[in-house]
Amino acid sequence: MIDIKQMLATAIERGASDVHINVGMPPVMRINTELILMDLPVVSEEDAGKMVLAMVGEAKFKVFMEKRDLDFSTMIDDGSRFRVNAHFQKAGIAISFRAISNEVPDIDDLHLPEVVKELTDLPRGLVIVTGHTGSGKSTSLAAMIGVINRKYKKRIITLEDPVEYLLDNKSCMIEQREIGSDCTSFASGLRHALRQDPDIILVGEMRDLETTSSTITAAETGHLVFSTLHTVNASQTVERIIDIYPASQQNQIRAMLSNTLQAVISQTLFRRVDKPGMVPCVEILLCTSAVRNCIRENRVYEIPNIIETSRRLGMQSMDHSIQNMYMQGFLDRDEAIMRSSNPGKMEKLLPARPEPAMQNA
């Protein structure tokens, strides 16, 4: 059987973000978006099962065999941590590892808009970070909590599945609860968190009606709440939340959401051209009175236009962010054009290469 710890150590050494195990082929790692075969033997179905068993033990392996999916975390000898999902697919057991940094990133190193840091000063309300899997949502949230942890004396409770970044107590008192081991579900953890005197609550994902309802209620009761959704932009985020509810409750949730939502940060990662690594492009929605009226009156389709015309307030569209990051010298021109919402327009906006003066803008 492949030595799991050695395999993961090699991936860390090579700068991989993910490692994937599929029966019938060698392990594969992802480095700066590219999938690369590792120089290791082909994995058999028996090998894959033994890997999962070695990481989780007999009791959790039994749960895995019954439910056919299992989320957990694992650590190797040098302290590197991984978020892991074991699951079944046509050829048998498969495993996906996501590397988790041991260091909470400094928000200034992530090249996020300045307004993202300003959101950490909010006294209450709901801030949602969205994007597809692997878009850096957890990293951005950890960096935001890091700002609060250095600046304020607050009590922070996180509910995660599994716990990713390990947060040290600095100025704040932090409790990190893992779904499945420290509490049974996000909704259960949220109900009890409200009785634990939190100032700030981080909910790993608003994945169902019960969790979404509990998250909004927590924000309504005067807490600052951070969470994530797998949506690609701000207007889709608002629609997704409302659509989770039965039709008979949607007018009520529009009113609740219009009062509690403070901001939506929608991000996606691009490969850097200036050096190895990734950089986020970010859409920002701030809940002004105009945005709140759109949500309350079911005019969510107007949100993109509000974002476009409110740049002076700190809002920005994804295309504006892509253009700005290209002009600073971070992005490949072809990729910037291809991944914009209007490639024809973007092609006209982007010069052949950023002007030197603009690279420091």
Checklist (1) within 25 Å of residue 182 (Cβ to Cβ); (2) at pLDDT 95 or above; (3) not acidic (Asp, Glu) applied to residue 40, failing item:
(1)
Which of the residues that make up the stretch 208-223 are part of a helix (DSSP H, G or I) and not acidic (Asp, Glu)?
209, 211, 212, 213, 214, 215, 216, 217, 218, 219
Candidate set from the stretch 91-123 (those that are in a helix (DSSP H, G or I), out of contact with any Ser or Thr (no Cβ under 9 Å at 6 or more places or on another chain) and of a type in the set (A, V, I, L, M)); member that is nearest to residue 56 (Cα to Cα)
119
Single match in 307, 322, 337 (criterion: buried (at least 17 other Cβ atoms within 10 Å of the Cβ), in the same structural domain as residue 291 (by TED's automatic domain parsing) and at pLDDT 95 or above):
307
Please indicate, with yes or no, whether at least one residue in the stretch 262-275 is surrounded by 16 or more Cβ atoms within 10 Å (Cβ to Cβ), outside the structural domain of residue 212 (by TED's automatic domain parsing) and within 26 Å of residue 101 (Cβ to Cβ).
no
Residue among 181, 188 that alone is among the polar types (S, T, N, Q) and assigned to a loop (DSSP other than H, G, I, E, B):
181
So if I check each of 19, 43, which one is in the same structural domain as residue 81 (by TED's automatic domain parsing), buried (at least 18 other Cβ atoms within 10 Å of the Cβ) and over 29 Å from the mean Cα position of the chain (by Cα)?
43
Would you mind finding the one in 61, 88 that is part of a strand (DSSP E or B), out of contact with any strand residue (DSSP E or B) (no Cβ under 6 Å at 6 or more places or on another chain) and free of Cβ contacts under 8 Å to residues at least 40 places away in the same chain?
88
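Each row is one residue, and each column tells you yes or no for (1) of a type in the set (A, V, I, L, M); (2) within 23 Å of residue 278 (Cβ to Cβ).
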site: 15; (1), (2): no, yes
site: 19; (1), (2): yes, yes
site: 48; (1), (2): yes, no
site: 60; (1), (2): no, no
site: 66; (1), (2): no, no
site: 84; (1), (2): yes, yes
Could you grab me the full set of residues in the stretch 197-221 that are more than 25 Å from residue 315 (Cβ to Cβ) and touching a Lys or Arg at 6+ places or on another chain (Cβ under 8 Å)?
197, 198, 199, 214
For the stretch 29-58, how many residues meet the condition of being of a type outside the set (D, E, K, R), at negative phi and not in a loop (DSSP other than H, G, I, E, B)?
13
Only residues in the stretch 151-164 that are modelled with pLDDT under 95 count as the first member; pair them with residues that are assigned to a helix (DSSP H, G or I), Cβ under 6 angstrom, at least 6 apart or cross-chain, and list the lot.
164/138
Filter the stretch 292-317 for residues that are among the aliphatic types (A, V, I, L, M), under 15 Å from residue 115 (Cα atoms) and part of a helix (DSSP H, G or I) and give the result.
307, 313
Examine the stretch 200-214 for a residue that is over 13 Å from the mean Cα position of the chain (by Cα), modelled with pLDDT of 95 or more and closer than 17 Å to residue 283 by Cα, and state whether such a residue exists.
no
Among the listed residues 352, 357, identify the single one that is at pLDDT below 95 and either in a loop (DSSP other than H, G, I, E, B) or touching a helix residue (DSSP H, G or I) at 6+ places or on another chain (Cβ under 7 Å) (or both).
352
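The values are calculated or read from the model by the stated rules, or taken from the named source; none is laboratory data. If you're wondering where the values come from, they're calculated on a predicted model, not measured in any experiment. Counting neighbours? That spans all protein chains shown, and the Cβs are built from the backbone with ideal geometry, glycine included.
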